[in-house]
Amino acid sequence: MELSNEEKEFLLQSIRKVYDFPKPGIVFRDITTLLNNKEAFNLLMQHLKNRYASYELDCVAGIESRGFIFGAVLANLLNIGFVPIRKKGKLPYTTISEKYSLEYGFSEIEIHIDAFDNSKKIQRVLLIDDLIATGGTAIAGANLIKKAGAECIEACFIVNLEDLGGLKAVKEITKTYTILDV
Ligand code: AMP
């Protein structure tokens, strides 16, 4: 079921805007206020559960750190597993990594080499993060899912910062779904 405009507005209002964080000029979308609003959190998670119930997913992969929260709850609601995609150096076992550009310099994220059991069938994976800005993080995440031998079925974001155009770049490698385009 699609969310109504009123429901989208309710979700949007539940996300606090913090100006000039982490540096001047950035409007940080703070989802902690959504998480602490049980009606908003429940509306969001039930919507995602309903959307993805028919996708025959094997796994949800969430990007550190806010993608962990939405991703782990969704995986549990769908009765499937959760895989963390983490910043470099945090995962304890053998990893595959992917570098991507930031405004200044680069960053690197990793996934466990055996995150997906593709032995019987290629795993169908949903990638999730709280927000897409330039798209660099999500593209690296989708690439990691592929490198780990699975299929990225869709990349899902709660918030899409439209002006930054990241979604267009992500669409070149996987399907996408965004809830709030701001
Ligand atoms: P990007 O790689 O540019 O698409 O950046 C997306 C990642 O950075 C996500 O993991 C977001 O959580 C975080 N991020 C970037 N910009 C913001 C913002 N304005 N508010 C909250 N999180 C952000």
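Amide H contacts of E154 (H built 1.01 Å from N, in plane; Pro and chain starts excluded): L127 sit under 5 Å, all sequence-distant by 5 or more or on other chains. Once you keep just the Cα pairs under 8 angstrom separated by 6 or more residues, what percentage relative contact order results for segment 55-181? Relative contact order comes out at 23 percent. A cut-off of 5 Å between modelled amide H atoms, ignoring neighbours fewer than 5 places along the same chain, links G149 with no other residue.
The helix-based estimate of mean residue ellipticity at 222 nm for the chain, built from -39,500 (n - 2.57) per DSSP H run of four or more residues and divided by its residue count, is -9500 deg cm²/dmol to the nearest 500. Per-residue Karplus couplings for segment 120-133, computed as 6.51 cos²θ - 1.76 cosθ + 1.60 with θ equal to phi - 60°, are listed in order as 9, 7, 4, 6, 9, 10, 9, 8, 9, 9, 6, 8, 10, 10 Hz, Gly and Pro entered as x.
Computed about the Cα centre, the dipole magnitude for the chain is approximately 400 debye when only Lys and Arg (+1) and Asp and Glu (-1) carry charge, each at its Cβ. Put a dot 7 Å past the Cα of S97, heading toward its Cβ, do the same for M1, and the two dots end up 4.6 nm apart. Summarised as an ellipsoid, segment 58-182 has semi-axes of 21, 17, 13 Å, derived from the eigenvalues of the Cα gyration tensor scaled by 5 and square-rooted, with the largest first.
Near the amide H of C59, within less than 5 Å, lie the amide hydrogens of R124, L126, all on another chain or at least 5 residues away, with H placed in the peptide plane.
Size descriptors for segment 23-118, from the alpha-carbon set: Rg then Dmax equal 15.6, 45 Å. Among the chymotrypsin sites (Phe, Trp or Tyr not before Pro) found in segment 101-137, those both in a DSSP coil and sparsely packed, with 10 or fewer other Cβ atoms within 10 Å of their Cβ, are Y104. The alpha-carbon of K23 sits under 27 angstrom from the alpha-carbons of these lysines, leaving out residues fewer than 8 places away in its chain: K87, K88, K90, K99, K168. You can think of it this way: the chain between V182 and M45 has 47.3 nm of extra reach, that is 0.36 nm per residue less the Cα-Cα gap.
Computed from backbone phi with θ = phi - 60° and the Karplus coefficients 6.51, -1.76 and 1.60, the 3J(HN,Hα) list for segment 155-165 is 10, 10, 10, 6, 10, 10, 7, 4, 4, 7, x Hz; x is used for glycine and proline. Once the Cβ-Cβ distance of T32 and Y104 is raised to the sixth power relative to R0 = 30 Å, the FRET efficiency obtained is 0.70.
Looking at segment 55-181 alone, DSSP beta bridges between its own residues are antiparallel in about 30 percent of cases. The alpha carbon centroids of segment 45-69 and segment 14-35 are separated by 23 Å.
Restricting attention to segment 13-92, which chymotrypsin sites (Phe, Trp or Tyr not before Pro) occupy a DSSP loop and are surrounded by at most 16 other Cβ atoms within 10 Å? Within segment 13-92, the qualifying chymotrypsin sites (Phe, Trp or Tyr not before Pro) (loop, at most 16 other Cβ atoms within 10 Å) are Y55.
Which of the GluC sites (Glu not before Pro) across segment 38-67 are loop residues per DSSP, with 13 or fewer other Cβ within 10 Å? Passing sites in segment 38-67 are E56. For the pair segment 74-90 and segment 104-118, the centres of their Cα atoms are 12 angstrom apart. Evaluating 6.51 cos²θ - 1.76 cosθ + 1.60 at θ = phi - 60° for every residue in segment 171-180, the Karplus couplings come out as 4, 6, 10, 7, 5, 9, 9, 10, 9, 10 Hz, glycine and proline recorded as x.
Only the coordinates and a few stated rules stand behind these numbers; no lab work does. The model shown is predicted, which means the values in this text are computed figures rather than measured ones. Note that we place each Cβ from the backbone using ideal geometry, even for glycine, and neighbour counts take in every protein chain shown.
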